[in-house]
Structure formats: C-alpha cells, structure tokens
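First the structure, in the form of structure tokens, and then the observations on it.
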Amino acid sequence: MHKFSLNRLDFPILLPAFLMVTIGLASFYSIDFLLFKQQLIFLFLSFIAYLIFLNIDYKLFRLFSKQLYFLMIFLLLTLFLLGIEARGAVRWIDLFGIRVQFSEIIKPFFIIFLAQYLTTNESRSLSKFLKALALMAPFFFLILRQPDLGNAMIYFFTTILMLLVFGFPFFYFIGLAFVLILPFPVFFTFLHDYQKERILTFIDPTRDPFGSSYNVIQSLISIGSGGWFGKGFGEATQSILKFLPERHTDFIFASISESIGFVGAIFLMGLFIFLLTRIYKISRNAHEVFPNLVLMGFYFLFMTHIFLNIGMNIGIVPIVGVTLPFVSYGGSSLLTSFIMLGIISSIKFDYKKSKPLEIV
C-alpha cells in the first residue's frame, strides 16, 4: 500500500464524476429527500473506497486473480441461499442492514482477472479465445438466473470488447456471432415472460401502451416534456407524480432530462464523454499490456452501462434494467464506479512516477 498523499488524487477524473453525482443528488432531492440522504451516505463511503484503492498497488490484484475468480463465483452463489427477493429477482444480500449487489461490486475484479488471464502469454489462439468465454460463462448464467439480463449483458459485452482490443483474429468474433444468432429462438424460450415482453416491446414500442410498453412511452414523454432547458428540479411532473417508473434508477436519465432539458442532458453526456476520453488517454500511457487491458476493460464497462441505460431511456435498445454510472440511485453501483476510478488513478500515478527522465 502506498503512502497516502493528496498529490495522488486525479482531479480531471474526480471532477466529472462529482458533477454527475451532484446532478443525480439534485434529482433525488426533488423526488424524495430520503433518497437524497441515503445517496449522500453512499457517496461518502464510495469516496473512502476511492482513496483506499488509489493507495493500493494494483499489481497486488494480479497476484491473487485466481483466488478472486473463485471468490466472485462463491459470492454469486451465496445469493441463492441468502439473497433478498425484491420485485421477483434475487440480486441483493443484506449486510448489517445495507443491501449489497454482488454482481455490481465484483465487476472491477472480474475485469482484472480477465486481463490477467489474457496477458499470461501473448497467444491469440482459438483455444485461448474459447477458454476466456468459458471463464466468463459462470458469471453470465448465474447473473441471468437472478434474473438480471442487463448485468449479464454487461459482463458479456465487456468481455467481447476486451477480447477484441487484445487482438484476437476478427473471424473468431464472426464465428461467435453465428453461433449465438442461430440458436437465439431456443434461447428466447428460456427467458422470463417479462424479458420476452421487453424484447417484443423494443420491436414494436406501441404494442401494449398500458402494459409492457408503458415504461418506454413514459420515458419518452418525460424527455420530450423537458424541452430545451427543462422544467427545473422539483417541477418535473412525470417524475414527481410517479408516472415515470423507476425514476431514480433505470430511468434516471429521463427524470433528469425532464428537469434540465435537452441542453442539460447534452451537458451530462458531455461529462461522460470527458470521463471516457480521460480513461482512454491514461490507457495510452500504460505501456504494459496488463494495465492497458484493465483500463480498457473499465472504459468498456462504463461505456456499455452508459449506452444501455440512455439507449433504453430513449427507446433505441430493449429495457434491460441497468444503472447510469454516478447518476442512478444505489450504493453498490456508486461504490463500484469509485473503486474503478481509484484503480485507474493508481495505475496513472504508478506510470507517472516510473516515467523515465528524458534528457533533451
């Protein structure tokens, strides 16, 4: 563990993160003061986690990556014994009165494990490609079993993107696409009824305005009613009057858009773009393959979350139920995001410290 120093803080990464959290907090304050108070506590704990992981040498996680893998599988399995059922899903466990979502918390460590596996040697063989998918499969199916299609998809897409950036031949991915597309009708039959409805609603958004289509229709109404500059926090009727479902989690983007309008929504997306650009630039300075792949994994994880959440809010992807990083309500999501920022800053500082002196 490194000696703590304020010089290790990465303000260009923290600034957009705190601005996004502030926008979320303003929305919670206008919706329900209890949500605001709880999220403020989550923010404090998450920033403490950021400081801890900022000062841990990220290479330690690499040394224990195999142990982390089995621990993550164990945690997901415990949900089926000790998990709390809410709205037909078992995704949380109660620890000292706080609900923890393991599928969220383990995301950074899954990426570290996958990066370690891929970088143990330079091979880009088909067997290594298939083994990487096999190592991801338990996470995908255990999370899908909760059921949580959104997070299962995030693990899958993040893995595929990491395999792509690692440099496996492109025809491997074409073959994988055919293997997945051909049995899709069979896979579709194993989905829960509400998951099938979400896919059918995506194909035809107006098929059931008072049932499966209700969420996306109300989301689009919320976004549209915000106009250019929004109605203002506390004046967004769709959110306050509860016409908009999951207004503080899955549909927080629609809720915020109604309050701050098109211009505010563009500003929020600009913050995400700035953060992603910053992570990408740091990855370019990490000349070793392992930290570079970890950073790109975090980049893809954030990007997938943002795309799926905003996409389902505006109706361009099926509703899969994922959070918007730093903005959605929830301690597990916020904690995970700040843990990743801490590891990113740790990698950045390590390379900044070890940069050789150039004599011109």
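The values are calculated or read from the model by the stated rules, or taken from the named source; none is laboratory data. All of these numbers come straight from a predicted model, not from anything done at the bench. Because the Cβ atoms are built from the backbone with ideal geometry, glycine has one as well, and the counts that use them run over all protein chains shown.
The table that follows gives values for the structure above.
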{"item": "So N215, is it surrounded by 14 or more Cβ atoms within 10 Å (Cβ to Cβ), at pLDDT 80 or above and more than 17 Å from F326 (Cα to Cα)", "result": "no"}
{"item": "Among the candidates G227, G315, residue that is closer than 24 Å to T22 by Cβ, at pLDDT below 90 and in contact with a helix residue (DSSP H, G or I) (Cβ under 6 Å, 6 or more places away or on another chain)", "result": "G227"}
{"item": "Residue selected from the range 133-159 under the condition surrounded by 19 or more Cβ atoms within 10 Å (Cβ to Cβ) and more than 13 Å from R91 (Cβ to Cβ), by the criterion modelled with the lowest pLDDT", "result": "M153"}
{"item": "Residues of the range 94-116 classified as loosely packed, with under 15 Cβ neighbours inside 10 Å and closer than 23 Å to F157 by Cβ, total", "result": "0"}
{"item": "Residue under evaluation K37, criteria (1) over 18 Å from F326 (Cα atoms); (2) of a type outside the set (A, V, I, L, M, F, W, C); (3) free of Cβ contacts under 8 Å to residues at least 60 places away in the same chain, criterion not met", "result": "(1)"}
{"item": "Among the residues listed as R91, R87, the single one being modelled with pLDDT under 95, surrounded by 14 or more Cβ atoms within 10 Å (Cβ to Cβ) and either of a type in the set (D, E) or more than 13 Å from L334 (Cα to Cα) (or both)", "result": "R91"}
{"item": "Near pairs, Cβ below 8 angstrom, 6+ apart or cross-chain, from the range 335-349 (within 17 Å of L276 (Cβ to Cβ)) to any residue that is of a type in the set (D, E, K, R)", "result": "T336/E104; T336/K107; M340/K107; L341/D10; I344/D10; S345/R8; S345/D10; K348/D10"}
{"item": "The lone exception for D57 - which of (1) assigned to a helix (DSSP H, G or I); (2) touching a residue at least 12 places away in the same chain (Cβ under 8 Å) it fails", "result": "(1)"}
